[in-house]
Every structure is written in structure tokens, then in C-alpha cells.
1. For the protein assembly as shown, with the dipole built from +1 on Lys and Arg beta-carbon atoms and -1 on Asp and Glu ones, taken about the Cα centre, which of B:L278, A:I175, B:F208 lies farthest toward the positive end?
2. How large is ³J(HN,Hα), in whole Hz, for each residue of the stretch A:341-355 in order, when computed from phi with the Karplus curve 6.51 cos²θ - 1.76 cosθ + 1.60 and θ = phi - 60°, using x for Gly and Pro?
3. Using Cα springs under 10 Å in a Gaussian network model of chain A, which residue among A:F205, A:F226, A:F311 shows the largest mean-square fluctuation?
4. Using a 1.4 angstrom probe on the protein heavy atoms only, line up A:K369, A:K332, A:K61 by accessible area, largest first.
5. What number comes out for the charge environment of A:E15, summing +1 per Lys or Arg and -1 per Asp or Glu over other residues with Cβ under 12 Å away?
6. Quick test of the membrane-span-like rule: which DSSP H helices of chain A reach at least 30 Å along their long axis (C-alpha atoms) with mean Kyte hydropathy at least -1.0?
7. Find how much the distance from A:D368 to A:K137 grows on full extension, using 0.36 nm per residue of separation minus their present alpha carbon separation; answer in nm with one decimal.
8. How large is the accessible surface per residue of the stretch A:188-269, computed with a 1.4 Å probe and reported in Å² as a whole number?
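The values are calculated or read from the model by the stated rules, or taken from the named source; none is laboratory data. Quick caveat: nothing in here was measured; it's all calculated off a predicted structure. Using ideal geometry, Cβ is built from the backbone for each residue, glycine included, and neighbour counts are taken over all protein chains shown. Just so you know, the surface numbers come from the protein's heavy atoms only, side chains and all, with ligands and any DNA or RNA stripped out. Shrake-Rupley method; radii C 1.70, N 1.55, O 1.52, S 1.80 Å.
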Amino acid sequence: MNTDQNQKLQQRIKELEIELRHLRNDYDLTRREVDVAKGNFLDMLKSLEDINVELADRNAKIEQQKAEIDNQYRLFRTLLDEIPNPVFYEDAQGNYLGCNKAFCQALGITSDKVEGKTAYEIFPRHDAELHHRMDDKLIRQGGILHYETCILFADGLDHDIVISKAAYLDAGGRILGIVAVCSDVTQSKRNELELRQSNRAKDKFFSIISHDMKNPLNALMLTTEFLQDNHQDLTKSKVEDMLGNVHNSAKRLNALLSNLLQWARSQSGRIPHEPTHLDLYNLVEQIISLAASTAREKSIELASDIPRGMFIYADRQMLMTVLRNLVSNAVKFTQPEGKVLVNAILLDDWVEITVADNGIGLSKADIDKLFRIDVHYSTKGTSRETGTGLGLILCFEFVERQGGEIKVFSEVGKGSTFRVRLPRQDAD
Amino acid sequence: MQHTHNGADTGQKMSLQDLIEQVNKSDIGSLRQNVVRILSLVHNPATSAHELSDLIQTDPPLCSRILRVANSAFYGSQRHVGAIRQAIIWLGFNTVKELALSQKVFELFQNGNGLADFSLKNLWNHSMLVAVGSKLVYRREFVLSGEEAFTAGLLHELGLIIEAQFCKEVFAYDLIHQHKGNMRQLEDAILGYNHCDIGGALAKAWEFPDFISSSIKYHHTPELSPERGRRLVQTVFIADTLATRIYKEFNDEPAENKATFDACMRDLSIESEALDLLAKELEKERQILVEKGLML
């Protein structure tokens with residue numbers, strides 16, 4: 001190896017030594033930096049772990065809160081569904097948010113037909129307008145309001161409903177929506193009406209006793225007292241005349257009392273409805289014979305056109321009362337020389353019995369009062385016969401209880417026709 | 001409103017102090033806080049990865065530029081790097097620090113307009129090479145991480161950046177004469193001071209650390225720098241020379257100052273064989289910079 005080569009080799013060795021030094025330096029530095037980076041990396045990792053722990057913690061809290069909210073919702077739901085009154089709730093814009101079971105049952109719909117709907121999609125238009133108007137008012141003024149309306153329920157009946165609505169607020173006092181509770185007042189209204197009616201009936205009862213019974217009784221007492229004191233001074237024919245009056249008064253009292261008792265018993269529901277097959281011809285004949293003497297006195301022609309052998313399925317006592325009252329009324333309100341005719345025909349579903357007269361007749365206004373217990377209506381007959389106003393009310397009740405109907409056709413001065421229809425029950 | 005200096009013709013000269021004041025009132029002045037903040041963070045050994053990522057996240061343009069580099073061809077991440085914390089883990093703490101600093105300094109370069117754009121692009125590329133070269137010398141020769149060297153190299157031409165935007169006549173003259181002259185002589189003639197003075201004065205005014213202002217002010221005359229910190233100034237000088245050799249698009253001196261260069265080599269005990277190796281390394285680093293998208 002010559003010097004030149006040797007020199008080149010030495011040079012190369014030196015270069016390699018320097019390169020080695022550089023590499024070693026870089027290696028040392030890099031190792032230190034890797035250590036630092038490792039530290040940083042672990043640091044970052046730890047912070048990520050911290051974030052994970054925090055997230056897990058937060059998740060757990062959220063889960064817990066969710067469970068609490070869930071439980072509260074269940075409580076709310078149970079509470080809502082166990083309330084017997086229909087309840088619903090809306091947002092401030094009038095969108096129905098939900099309802100309870102009672103509401104669904106009352107309207108015969110499922111809750112998904114309520115949620116997210118407006119009043120117009122749930123109720124008929126006219127009702128919806130009312131609800132909408134009330135909601136508007138409540139949203140404007142806040143607080144609570146009540147109103148009454150009539151709602152068609154799933155049972156097919158109109159129910160009288162009082163709706164109580166309250167605005168519910170957020171923490172800041174802003175109105176979020178409306179909670180509504182419905183109270184069905186149909187029964188209580190009916191009860192109230194019945195109570196009022198029975199109160200009137202009681203009043204009528206006392207008025208009849210005090211007024212209609214007292215007069216004939218007074219006449220009876222005065223006449224009998226006079227007879228007791230003076231019968232020796234009176235001629236025989238006078239005595240007979242007065243006794244006739246006494247007898248008539250007693251008869252009227254008897255008729256009145258029997259009506260009154262029957263009516264009182266019917267009011268307390270003690271008259272049983274016991275229909276049997278009745279011979280209508282015979283029955284009407286009996287009634288005509290009872291009224292015949294009065295008719296004769298007024299020279300009124302009283303007749304029956306009912307064919308022999310016509311049978312009817314009805315309660316004997318009730319039908320007797322009805323026809324007796326109708327016939328005696330007809331005689332009462334017919335002038336002498338007038339005519340009263342009883343007739344009956346068979347229709348497909350009904351037996352139609354009519355009592356027609358050509359008497360004084362009734363005005364439209366009077367017809368409306370005839371069958372009402374709460375309006376006292378009593379007119380004297382053409383021969384100043386008194387009445388109680390009770391007869392027709394009994395007729396109405398007894399016909400109705402047998403599933404029939406009673407109607408009046410009349411014209412003032414021309415006469416009246418009372419038509420009774422009773423259901424045919426030939427099959428029984 | 002920008003006061004253009006036209007000393008050569010009119011004899012009206014703006015003092016260095018006036019120039020610094022004008023810079024401070026300009027857009028560049030508004031970058032001062034950001035640059036100083038990132039400098040102190042980068043050079044504080046106690047800085048944690050969290051602090052760095054927090055700082056970057058408060059600066060959306062910086063954040064997006066770092067993420068762009070993190071997703072560049074060089075790093076070739078299979079996964080998209082979408083967060084600064086991820087970038088720190090993926091690229092390394094030091095790399096992200098360097099990126100943050102470079103991008104912040106890059107903003108200083110972006111304030112130019114029209115005339116000097118071409119030169120500014122070359123100036124940026126040169127500055128990046130000097131930064132990387134200085135760091136390389138520190139690591140290979142002094143077994144030091146070289147963060148300071150990187151910063152010093154990056155900022156050493158701060159004066160030229162200012163000049164390009166506030167003393168356009170110098171650049172205009174330079175362009176007309178096709179880089180034939182010595183920039184410093186030209187500046188001294190037109191302005192009465194040169195870019196070393198400007199950079200040094202601004203670094204002082206902005207309260208940069210001493211090692212940075214020295215390496216800016218004395219990067220052409222390391223022998224004049226204070227004893228303390230001269231090693232860094234000399235390292236920047238050597239890296240400056242190496243960078244000029246491999247990247248010829250920018251050169252503010254017509255010829256290498258051989259005497260100063262040799263003195264630096266001697267003072268720093270760098271053998272010529274080591275310099276050759278460093279030059280080769282720098283050439284490789286240049287390629288890497290291109291791949292990272294850090295060379296324009």
C-alpha cells in the first residue's frame with residue numbers, strides 16, 4: 001500500500017469516525033427525546049383516561065337521572081290513569097299532548113288519536129270551537145277556568161260535562177300548556193231535575209188535597225149539617241134532592257181519592273205492571289156504563305165502535321184508569337147534545353184507541369200543559385164540573401209505563417181526540 | 001399611509017428608530033404578541049404538551065396549518081389527524097413545537113405585497129434551511145437538541161422581512177440590478193443602516209431573548225457578537241453558508257466570506273469532513289421540508 005492509498009484510507013477512516021460520532025450524538029439526543037415524548041404520550045393517555053372516567057361518571061349520572069325521570073313519569077302516568085275523570089293536556093299552541101285512560105274510554109279512542117292532534121281533530125267542529133276559545137282565554141289570562149258543555153261519548157249518549165282547565169307554567173312563570181279535567185254531571189243533573197220534579201209533585205199533591213178535596217168535603221159537611229138540623233122541616237122531595245147532592249159529592253170524592261191514591265202509588269213505584277190479555281170490547285163497555293149516567297144527564301151520546309172480540313195485551317188496572325179518565329174528561333168538556341165516541345183499530349205494531357168528542361176543544365198552549373205535573377192545569381167542565389188536573393197526568397204515566405204513547409188532536413170549538421197507542425204483543 | 005423611504009434620491013432618511021415605530025404600528029406589529037408568546041412557550045423546558053395544544057387551539061389559522069402538515073405526504077398517516085393532541089402524539093412534541101413556531105414566523109412573511117413577493121418566497125425557503133441547518137449542527141456537533149438554533153436560524157433575516165415591506169426601494173433597486181450587489185452595502189447606501197441593524201433593533205424592541213437578537217444582528221459578522229452566545233451566532237453563520245450553497249435562489253452576499261467562515265469552523269472545532277456530512281444531511285432535510293409542504 002503506497003502512501004497515497006494509505007492517506008486516502010486514513011481520510012476515509014476519519015470520515016467514518018465523524019459519521020459515527022454524528023450518529024451517536026443523534027442517537028443519544030433521539031433517545032432522550034423519545035423518553036420525553038413517551039412522558040408526553042403517557043401524560044396525554046392519562047388525560048384521556050381521566051376524560052373517560054369523567055365521561056363514565058357523567059353517563060352514570062345521566063342514567064340515574066333518566067331512571068328518576070322514568071320513575072316520575074310512571075308515577076305521573078299511574079296517577080293520571082287511575083283518576084276516574086277523563087283528563088287531557090295540551091301545549092300552549094293547542095296541540096293535545098296526551099290523555100288518561102278514562103278520556104280514551106269515554107270517547108272510545110286510543111291515545112295515539114289524541115297525541116299531537118288539535119281539538120278540531122278530536123271533537124266535532126262546534127265543540128272544538130268552544131274548547132279552542134276557552135284555551136285562548138286561559139292562555140291569555142292564566143289561572144283556572146270551568147265551563148259546561150255536552151259531549152257525545154262512545155256509549156252513544158250525550159253527556160253533560162264540566163271541563164276544568166288550568167294553565168301549567170315553567171319555572172319562569174311562562175305558560176307551557178293546559179291541563180283539563182272533565183267531570184260528568186249528567187247523572188247529577190238528572191238527579192237534580194228529578195228532585196225538582198218530585199218536589200213539584202209533592203206541592204201538587206198538597207194543593208189537590210187542600211183545594212180540590214176541601215171544597216166537596218165542605219159541601220158535604222154543610223149539606224149534612226143542614227139536613228141534620230132541618231130534615232123534619234123539609235119536604236121529602238127536597239131531602240131526596242139534597243141526599244142526591246151528598247151522594248154525588250161523595251162519588252166525586254171517591255173518584256178523586258182513587259186517582260190520588262193511584263197517582264201516589266205510581267209515584268212511589270208501588271203499582272206493578274202486570275199485563276194480561278184483555279177483552280177490549282168488554283172493558284170499554286164497562287167504562288161507558290160507569291160514565292153513562294153523567295152523559296145521560298148532559299144528554300150526550302156516549303158510544304163505542306170497538307168490534308167484539310178485540311183483545312189487547314195490557315195491565316188491566318192501568319188501562320181502566322186511562323180510559324175512565326179520558327171518557328169522563330170527554331163527557332165533562334162536551335156540551336149537552338154533544339157526542340163522545342170510543343174506537344180502536346189494530347195497526348202493525350200498535351193497538352190504537354181513540355176517545356173523540358165534539359166538545360169545546362183545547363188551544364195549542366193548553367195542550368202543551370196537559371201532561372205536565374209541574375204546571376197546574378185544571379178547567380171546569382161545560383156544566384161547571386170541577387177537575388183535579390191529575391187524571392191526564394196519570395194517563396200519561398200509565399201509557400208510558402206500558403211502552404205506549406198518548407197524543408191529543410184538538411181544535412178550539414170543534415172538539416178533541418185523545419189517541420192512545422199501546423204496543424201489540426200478540427205473540428206472547 | 002406607509003412611508004416609503006427614498007433616501008438615495010432625496011437625502012431624506014428615516015431613522016432606524018422611526019422605522020421600528022412604524023413597524024410596530026403596522027400589521028406586523030400586531031403579530032408581536034403571538035410570536036413572543038409562542039417563543040417563550042417553545043423555549044421553556046417546562047412547557048407541557050397540554051399547554052402547547054391549548055395555545056395552538058386558541059389560534060385557528062395556526063391550528064389548521066399544523067393539521068395540514070400533520071396530514072401531509074411526509075408523515076403519511078393512514079388515519080386522518082384531526083386534533084392537535086393527536087398531532088402531538090403522532091408527530092412528536094418537538095416537531096409540533098417547531099411547526100407552531102415556523103407557522104407563526106411565516107405570518108410575518110405574509111404581510112408583504114406585490115413587489116417583494118418573489119424575494120419573500122425565496123427568503124422563507126432560505127430561512128427554513130438555515131433553521132434546519134443550525135439545528136443539525138447543534139445536534140451532530142454539540143449533542144444539543146438545537147431548538148434555540150432552529151429559532152435563531154428561522155428569524156435571522158427578520159430585518160429583510162421588514163425591509164421588504166417598509167423599504168421597498170431597496171428591493172426595487174436590488175431587483176433592477178439582479179442581485180449583483182452586496183445587500184448590506186446597498187442598504188447602508190440607501191438607508192444608512194442595514195437589515196442586520198433593523199432585525200436586531202426589532203428583536204430588542206420586541207424583547208426577544210438575547211440569543212435571538214444577537215444571532216439576527218451579527219449573522220453576517222459573528223466575530224463582532226458578544227462572547228456570550230457567540231457559538232449560536234457562528235452556528236447560524238455556518239448554516240447560512242451551507243444553505244446558500246444548496247439553495248441558490250436566495251443570496252444577500254455576492255461571495256462567501258472565507259475568513260469569517262474559517263474562523264467559525266475553527267472556533268466551533270468543526271472539521272471539514274464533518275461539514276461535508278452536514279451539507280449532505282441538509283440536502284436530505286431540504287427534500288423532507290418539501291414533502292412536509294414547508295418549502296414554498
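1. Selected residue: A:I175.
2. Rounded to whole hertz, the list is 10, 9, 9, 8, 9, 9, 9, 4, 10, 10, 10, 10, 10, 10, 10.
3. Judging by the Gaussian network model, the answer is A:F226.
4. Numbers: A:K369 75, A:K332 30, A:K61 115 Å².
The most accessible residue leads, giving A:K61, A:K369, A:K332.
5. On the way: positive: A:K8, A:R12, A:K14, A:R21, B:K280; negative: A:E17, A:E19, B:E271, B:E273, B:D276.
Local charge sum for A:E15: 0.
6. Values: long enough: A:3-82 (114 Å, -1.02); A:186-207 (31 Å, -1.72); A:236-267 (46 Å, -0.56).
Helices meeting the criterion: A:236-267.
7. Details: separation 231, 0.36 × 231 = 83.16 nm, distance 4.14 nm.
Taking A:D368 through A:K137 to full extension adds about 79.0 nm, to one decimal.
8. Values: 5780 Å² over 82 residues.
Here the residues of the stretch A:188-269 average 71 Å² of exposed surface.
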